[in-house]
Amino acid sequence: MGRLRYLLLIVLLLPVWLPVLTLGFLWFQWPIWRQRGRVSGTAYEPFGARLCYHLLGSRPDPLSWQLAAGLPATRSWWFRQLALPLLTGPSRLAAYTPSFLHYPPERPLTLTDLLAARTEFHDRALVAAGGLRQFVVLGAGWDTRGFAWRSDPQRKVFEVDMPATQAVKRAALDKAGIDAARVTFVACDFQRQSWLEALAAAGLDLHQPTFFLWEGVSMYLEEPAVQETLRAVARLPEGSAISFDFFSHQWLNDSWTGKLVRTAVHLVYGERFRFGFSVRPQVTTALELYLQESGLQACGLVLREAVSWGDQRPGSVPFGGAAVCVADQVRATGQETRRDGSGSQPIPASSPGYTQPSASGSSGPRRVASGRTSSGTRDS
Ligand SMILES: C[S@@+](CC[C@H](N)C(=O)[O-])C[C@H]1O[C@@H](n2cnc3c(N)ncnc32)[C@H](O)[C@@H]1O
């Protein structure tokens, strides 16, 4: 019934809807296009999704809404007050949300649910990291979670991103009236610099367990930079954790949808997908094998949870997934000491670490119990 109401509304509104949304889209794309190749355009994708969830009331995010008033592509009146409300209005009026705007995502998951699935996974991981005092957003883009997390003054928050993208965000925060002093900004290119050294220089305490959010970034990096990021987390105190998502290697390189999305993202934003993790035969076994073969497990990194998204049937390719890895030297190697970035000094943990998030029905990440025995793969 809701769906019928929604479709009727769309048909009725179409003469207004179509031109306003088209103009809103162009208004949105133009500043992105002008800064193409310098400032991340793909950062607007998850941000736009979060704005929609906010307007639909399914994931309130007032800080993102506030930040939208400062960012080049979203600050126009046309986009925020006309196009976005028109996009989400029919859903509210009809009390029906189409799949691509649904938060949390509907199951089974398809590619149009990617942003909702990602957001849901990392939101839950962040709750599990609630006991930690340090939070780092790697490749932060327009994410505002760090600002919300910092509402507890005991906590330290760092955002790392490419210099030009970070400069745009800082200017936008200023324009939007959000107190940027709550977060320490660290400009760094993961492909060229050690973000851990840059963070340590900016005040990250390497003796405290830290939570790293690495949302929507691994696919833009070469494999050595991906591995180096995970290795840096492995060296940190027990209880440190990283929550990340990825495309599947098989989907990105072998499927026509993967190749199409890859080409479209490059054409529109000038950004390249470079890396995907294997998800065969199952995401958990594949990731654990990767940790072993790359020596990450020997460094102290343990897979805590893993999910894969998309079609899991034989002959089909899941398009991606997400995982949480924790620094757990004792379980990974049986050794009793930890080492810092120089590989010489033990770094003992001095506060509680990442805990297991509670499962929410069949949709949440599943725990990898121990060793290689249990599967975190969610068939969806
Ligand atoms: C798709 S956006 C995701 C932004 C944010 N994590 C979110 O989910 O809203 C990818 C982000 O990764 C950053 N990024 C990509 N390659 C990077 C690199 N080599 N070094 C640092 N940041 C990078 C981009 O600047 C951008 O902010």
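If you check Ala116, Ala164, Ala148 for being at pLDDT below 95 and either in contact with a His (Cβ under 9 Å, 6 or more places away or on another chain) or of a type outside the set (Phe, Trp, Tyr) (or both), only one passes: Ala148. Restricting the range 205-220 to residues that are open to solvent by 10 Å² or more (accessible area, probe 1.4 Å) and part of a loop (DSSP other than H, G, I, E, B) leaves a set whose member that is farthest from Glu159 (Cα to Cα) is His207. Restricting the search to the range 200-237, which residues are over 19 Å from Val330 (Cβ atoms) and among the polar types (S, T, N, Q)? Hits for the range 200-237 are Ser218, Gln227, Thr229. Screening the range 221-241 for residues that are farther than 13 Å from Leu301 by Cβ and among the acidic types (Asp, Glu) and picking the one that is surrounded by the most Cβ atoms within 10 Å (Cβ to Cβ) gives Glu223.
Scanning the range 177-200 for residues that are touching a strand residue (DSSP E or B) at 6+ places or on another chain (Cβ under 6 Å) and near the ligand (Cβ under 9 Å from one of its atoms) yields a total of 2. Residues in the range 62-83 that are of a type in the set (A, V, I, L, M), open to solvent by 10 Å² or more (accessible area, probe 1.4 Å) and under 20 Å from Pro15 (Cβ atoms): Leu82 only. Evaluating Ala172 against the criteria (1) more than 15 Å from the ligand (Cβ to nearest atom); (2) more than 20 Å from the chain's Cα centre (by Cα); (3) not in a loop (DSSP other than H, G, I, E, B) leaves one unmet condition, (1).
If you filter the range 36-61 down to residues that are open to solvent by 40 Å² or more (accessible area, probe 1.4 Å) and touching a Ser or Thr at 6+ places or on another chain (Cβ under 9 Å), you find that the one that is farthest from the ligand (Cβ to nearest atom) is Ser58. Note on the range 178-194: residues that are in contact with a helix residue (DSSP H, G or I) (Cβ under 7 Å, 6 or more places away or on another chain) and not in a loop (DSSP other than H, G, I, E, B) total 5. Filtered by the rule that a residue be without any contact (Cβ under 8 Å) to a residue 60 or more places away in the chain and either over 23 Å from Leu111 (Cα atoms) or over 26 Å from the mean Cα position of the chain (by Cα) (or both), the range 9-32 gives Val11, Leu12, Leu14, Pro15, Leu18, Pro19, Thr22, Leu26, Trp27, Trp30, Pro31. Criterion applied to Leu87, Leu173, Leu115, Leu93 was being assigned by TED's automatic domain parsing to the domain that holds Ser194 and either open to solvent by 20 Å² or more (accessible area, probe 1.4 Å) or farther than 22 Å from Leu23 by Cα (or both), and the one residue passing it is Leu115.
For Ala225, only one of the following conditions fails: (1) part of a helix (DSSP H, G or I); (2) more than 10 Å from the ligand (Cβ to nearest atom). What is its number? Of everything listed in (1) part of a helix (DSSP H, G or I); (2) more than 10 Å from the ligand (Cβ to nearest atom), Ala225 misses just condition (2).
Residues satisfying the criterion are present in the range 128-137 (criterion: within 13 Å of the ligand (Cβ to nearest atom) and crowded, with 23+ Cβ neighbours inside 10 Å). Flag: Leu4 matches the condition of being open to solvent by 90 Å² or more (accessible area, probe 1.4 Å) and either more than 30 Å from Asp189 (Cβ to Cβ) or assigned by TED's automatic domain parsing to the domain that holds Phe273 (or both). Pick from the range 205-221 the residues that are more than 21 Å from the chain's Cα centre (by Cα) and within 16 Å of Ile242 (Cβ to Cβ): which of them is nearest to the ligand (Cβ to nearest atom)? Applying the filter and picking the extreme gives Leu206.
Scanning the range 144-164 for residues that are outside any helix (DSSP H, G or I), in contact with a strand residue (DSSP E or B) (Cβ under 6 Å, 6 or more places away or on another chain) and either within 13 Å of the ligand (Cβ to nearest atom) or open to solvent by less than 10 Å² (accessible area, probe 1.4 Å) (or both) gives Val157, Phe158, Glu159, Val160. Counting the residues of the range 276-294 that are open to solvent by less than 20 Å² (accessible area, probe 1.4 Å) and not aliphatic (A, V, I, L, M) gives 4.
The values are calculated or read from the model by the stated rules, or taken from the named source; none is laboratory data. What you see is a predicted model, and the numbers here were worked out from it, not measured in a lab. Don't worry about glycine lacking a Cβ; one is built from the backbone with ideal geometry, like all the others, and counts go over all protein chains shown. Note: accessible area is taken over every heavy atom of the protein model, side chains too, but ligands, DNA and RNA are not part of it. Shrake-Rupley method; radii C 1.70, N 1.55, O 1.52, S 1.80 Å.
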